[in-house]
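Visitor: Structure below; questions to follow.
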Amino acid sequence: MFDSRLKELLGIKYPIFQGGMAWVATSELAAAVSEAGGLGIIAAGNAPGDYVREEIRKLKEMTDKPFGVNIMLLSPFAEDIVDIVCDEGVPVVTTGAGNPGKFLERFRKHNIKVIPVVPTVSLAKRLEKQGVDALIVEGTEAGGHIGELTTMALVPQVRDAVSIPVIAAGGIADGRGIVAALALGADGVQLGTRFVCSTEAKVHQNYKDKLINAKDRDALVTGRSTGHPVRVIKNQFTREFIELEKSGASIEDLEKMGSGRLRMAVVEGDVDKGSVMSGQIAGMINDIKPCHEIIQQLIQEAQQVLGKLNNLEGGEVHE
Ligand code: TUI
């Protein structure tokens, strides 16, 4: 079903990445996904270097399979995290929320595979020229910090513009989404929200319940006026934030109001006053299960969908 070049590039069984979600993507979650044959990714988020080093070491105790570290480029600690991934022999780095261009030389020297998240064709082309190994092409259906284009529109445009492997992200949580991504030209997929609702995600139960109970229109975008739009489940916090945004508050005031809110939701379980980042696909996720089962089900569903499509192709064509 999958093209083999991404599996060969990374040494993984299935080209299914787990998104590098701040506070959520800990060593436990990443190890479980890697053990299940996907690519588990530890999120650095806004955490300091010592935390990330510790998480990398913990993951290595739990699995000897390939894994990645996501560097959130808006973090004040991003430079430190670059040093640490080079030091610790991390095989794969993904980046988000910015252009990783200035770090590429160092990653290359340390033989680290680099796979940035891109929200546009222009950044995809620039980064391919600079020698990145693959691209995560993320549509606006995704949770957290997002770009403007949908997965449906962005993935085929990037596919046509570059020749390195493409991993589709944003709005994918089952086998149908995987096959759709492959049809758009992707070589693999990245799932975030689906893995938040896993047994191994060390996320407060209130957060998981909020995603399980979410309906199709519950994930909305805040922060467009700050230049950092973020998709979250609507709650008391988003109502207050949007009110402040509409009142013409300064970017500083809005950022102050948003600060610390993700931790409040993920760690403390305050899903009223905290920021419950989530993709649009939350409405379709109805259970919490181990990563191994999630991945096995994804593969089975994708094969069933492909079988169905093949039968259609064999049918009579009416003109
Ligand atoms: O990074 C993410 N998702 C995130 S990061 C995050 S932490 C945060 N919290 C509040 C405000 C901002 C961040 C929560 N969720 N996804 C990957 C992603 N990267 N989406 C969009 C981008 C992106 C945007 C612009 C990548 C590159 C880029 O480049 C701009 C440029 O410099 O050319």
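Here, each number is a calculation from the coordinates, and none is a lab measurement. Source: prediction; values computed, not measured. When we count neighbours, we look across all protein chains shown, and the Cβ atoms used for this are built from the backbone with ideal geometry, even at glycine.
Visitor: What number of residues within the stretch 20-51 satisfy the criterion of being within 16 Å of the ligand (Cβ to nearest atom) and over 19 Å from residue 136 (Cβ atoms)?
Guide: 6
Visitor: Separate question: Please enumerate the residues belonging to the stretch 13-35 that are over 17 Å from the mean Cα position of the chain (by Cα) and assigned to a loop (DSSP other than H, G, I, E, B).
Guide: Answer for the stretch 13-35, where residues must be over 17 Å from the mean Cα position of the chain (by Cα) and assigned to a loop (DSSP other than H, G, I, E, B): just 13.
Visitor: Please list, ordered by residue number, the helices (runs of 4 or more DSSP H) wholly in the stretch 210-319 having 1 or more residues that are under 23 Å from residue 181 (Cα atoms).
Guide: 291-314
Visitor: Any idea which of (1) in a loop (DSSP other than H, G, I, E, B); (2) in contact with a Phe, Trp or Tyr (Cβ under 7 Å, 6 or more places away or on another chain) is the one residue 142 doesn't satisfy?
Guide: Failed condition: (2).
Visitor: Would you confirm, using the coordinates I've provided, whether residue 203 is buried (at least 20 other Cβ atoms within 10 Å of the Cβ), of a type outside the set (Lys, Arg), within 16 Å of the ligand (Cβ to nearest atom) and not in a strand (DSSP E or B)?
Guide: Answer is yes for this residue.
Visitor: Can you name every residue in the stretch 190-231 that is charged (D, E, K, R) and out of contact with any Ser or Thr (no Cβ under 6 Å at 6 or more places or on another chain)?
Guide: Answer for the stretch 190-231, where residues must be charged (D, E, K, R) and out of contact with any Ser or Thr (no Cβ under 6 Å at 6 or more places or on another chain): 194, 200, 208, 209, 210, 215, 216, 217, 218, 224, 231.
Visitor: Right, another one. If only one of 2, 17 is within 13 Å of the ligand (Cβ to nearest atom), surrounded by 17 or more Cβ atoms within 10 Å (Cβ to Cβ) and closer than 23 Å to residue 300 by Cα, which one is it?
Guide: 17 is the lone residue from the list that is within 13 Å of the ligand (Cβ to nearest atom), surrounded by 17 or more Cβ atoms within 10 Å (Cβ to Cβ) and closer than 23 Å to residue 300 by Cα.
Visitor: Which numbered condition in (1) touching a strand residue (DSSP E or B) at 6+ places or on another chain (Cβ under 6 Å); (2) within 13 Å of the ligand (Cβ to nearest atom); (3) free of Cβ contacts under 8 Å to residues at least 60 places away in the same chain is the only one that residue 145 fails?
Guide: Only one criterion in (1) touching a strand residue (DSSP E or B) at 6+ places or on another chain (Cβ under 6 Å); (2) within 13 Å of the ligand (Cβ to nearest atom); (3) free of Cβ contacts under 8 Å to residues at least 60 places away in the same chain is unmet by residue 145, namely (3).
Visitor: Could we say that residue 76 is within 16 Å of the ligand (Cβ to nearest atom), in contact (Cβ under 8 Å) with a residue 24 or more places away in the chain and farther than 18 Å from residue 202 by Cα here?
Guide: Criteria met by residue 76.
Visitor: Filter the stretch 115-141 for residues that are over 14 Å from the mean Cα position of the chain (by Cα) and without any contact (Cβ under 8 Å) to a residue 24 or more places away in the chain and give the result.
Guide: Within the stretch 115-141, 122, 129 meet the criteria.
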